[in-house]
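Q: Pasting in a structure now, in structure tokens, and then I'll have a few things to ask.
The values are calculated or read from the model by the stated rules, or taken from the named source; none is laboratory data. As the structure is a computational prediction, the values presented were derived from the model and not from experiment. Neighbour counts run over all protein chains shown; Cβ positions are idealised from the backbone, glycine included.
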Amino acid sequence: MSVKLAVLASGSGSNLEAIAQAINDGKLLAKIAVVIYNEPDAFARQRAEKFGIPAILVNHRDYKYRKALDLAIIDILQQYDVELVIMAGWMRIVTQELIDAFPERILNIHPSLLPSFKGIHAIEQAFNYGVKITGCTVHLLSLEVDSGKILKQKAVPVLPEDSLADLQKRIQFQEHIIYPEAIAEYINNF
Ligand code: GRF
């Protein structure tokens, strides 16, 4: 059985690519039915095209309220019979409508060891704090940002000579490993 995924991305889409590649390599028994992106120039769109995945722009600027944006997204997810929603760098705060439409069926990845360093500047904050170990977390999406049940984590050491960019790279490298794995494990328990 191949589970139908949607990936929601706002930017580069490197996690989207890692997931699509894991599917192509037979490591993840799933299909990305659709990619939804909200920034017109998001590189995620080009990555979706490379894998032959339909990519749909839902520009948040066209919606007056968060709820209206989420209703438009739900509509697309239903059209594509999506069973599991994968947030991969989706930079919008979601509403209860989206969560209720896919209860326990929305995953997110965050570049810290949650519950430490929630929010958008997680890597920078951990770096400036001087932590010696940080990492990345795959979790269920909840209304409160970066607070849903944790599914998988990977620790990443901060080395003395690290620049912020070095650390970012090392965390993303691990994200690309654990996200497809976490999705595969989650799907197994459906
Ligand atoms: C990742 O670092 C993820 O943890 C965060 O946003 C970033 C998305 O990167 N939520 P990409 O668009 O997948 O390259």
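Q: Taking the criterion of being away from the ligand (no atom under 16 Å from the Cβ), under 24 Å from ILE56 (Cα atoms) and of a type in the set (A, V, I, L, M), would at least one residue in region 149-172 satisfy it?
A: Checking region 149-172: not a single residue is away from the ligand (no atom under 16 Å from the Cβ), under 24 Å from ILE56 (Cα atoms) and of a type in the set (A, V, I, L, M).
The rows are residues; the columns are (1) away from the ligand (no atom under 13 Å from the Cβ); (2) outside any strand (DSSP E or B).
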position: ALA18; (1), (2): no, yes
position: GLN21; (1), (2): no, yes
position: LYS31; (1), (2): yes, no
position: PRO40; (1), (2): yes, yes
position: GLY52; (1), (2): yes, yes
position: ASP81; (1), (2): yes, yes
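Q: Of (1) buried (at least 22 other Cβ atoms within 10 Å of the Cβ); (2) touching a Lys or Arg at 6+ places or on another chain (Cβ under 6 Å), ALA42 satisfies all except one. Which?
A: (2)
Q: Please list, ordered by first then second residue, the pairs with beta carbon atoms under 7 Å, 6 or more apart or interchain, first in region 99-128 and closer than 11 Å to GLN153 by Cβ and among the aliphatic types (A, V, I, L, M), second assigned to a loop (DSSP other than H, G, I, E, B) and modelled with pLDDT of 95 or more.
A: From residues that are closer than 11 Å to GLN153 by Cβ and among the aliphatic types (A, V, I, L, M), the pairs are ILE109/ALA88.
Q: Looking only at residues in region 58-94 that are within 18 Å of the chain's Cα centre (by Cα) and surrounded by fewer than 13 Cβ atoms within 10 Å (Cβ to Cβ), which one is nearest to ILE120 (Cα to Cα)?
A: The residue in question is ILE93.
Q: Given the residues ASP100, ASP162, which is the only one that is farther than 21 Å from ALA68 by Cα and of a type in the set (Asp, Glu)?
A: ASP162
Q: From the set of residues in region 1-16 that are of a type in the set (A, V, I, L, M, F, W, C) and away from the ligand (no atom under 14 Å from the Cβ), which is modelled with the lowest pLDDT?
A: Applying the filter and picking the extreme gives MET1.
Q: Give me the pairs, please: first residue somewhere in region 1-29 and closer than 22 Å to ASP41 by Cα, second residue anywhere and in a helix (DSSP H, G or I) and among the β-branched types (Val, Ile, Thr), beta-carbon distance under 7 Å, and either six or more positions apart or on two chains.
A: Once the first residue is closer than 22 Å to ASP41 by Cα and sits in region 1-29, its partners that are in a helix (DSSP H, G or I) and among the β-branched types (Val, Ile, Thr) give VAL7/ILE19; ILE19/ILE183.
Q: Modelled with pLDDT of 95 or more, of a type in the set (Gly, Ala, Ser), more than 18 Å from SER14 (Cα to Cα) and surrounded by 13 or more Cβ atoms within 10 Å (Cβ to Cβ): does that describe GLY135?
A: no
Q: Filter region 83-98 down to residues that are within 16 Å of the ligand (Cβ to nearest atom), touching a residue at least 60 places away in the same chain (Cβ under 8 Å), assigned to a loop (DSSP other than H, G, I, E, B) and at negative phi, then give me how many there are.
A: Qualifying residue count, region 83-98: 4.
Q: Quick one: GLN125 ticks every box in (1) surrounded by fewer than 19 Cβ atoms within 10 Å (Cβ to Cβ); (2) part of a loop (DSSP other than H, G, I, E, B) except a single one, so which number is it?
A: The number of the failed condition is (2).
Q: Does LEU69 satisfy the condition of being touching a residue at least 12 places away in the same chain (Cβ under 8 Å), closer than 19 Å to ILE36 by Cβ, more than 13 Å from the ligand (Cβ to nearest atom) and outside any strand (DSSP E or B)?
A: Criteria met by LEU69.
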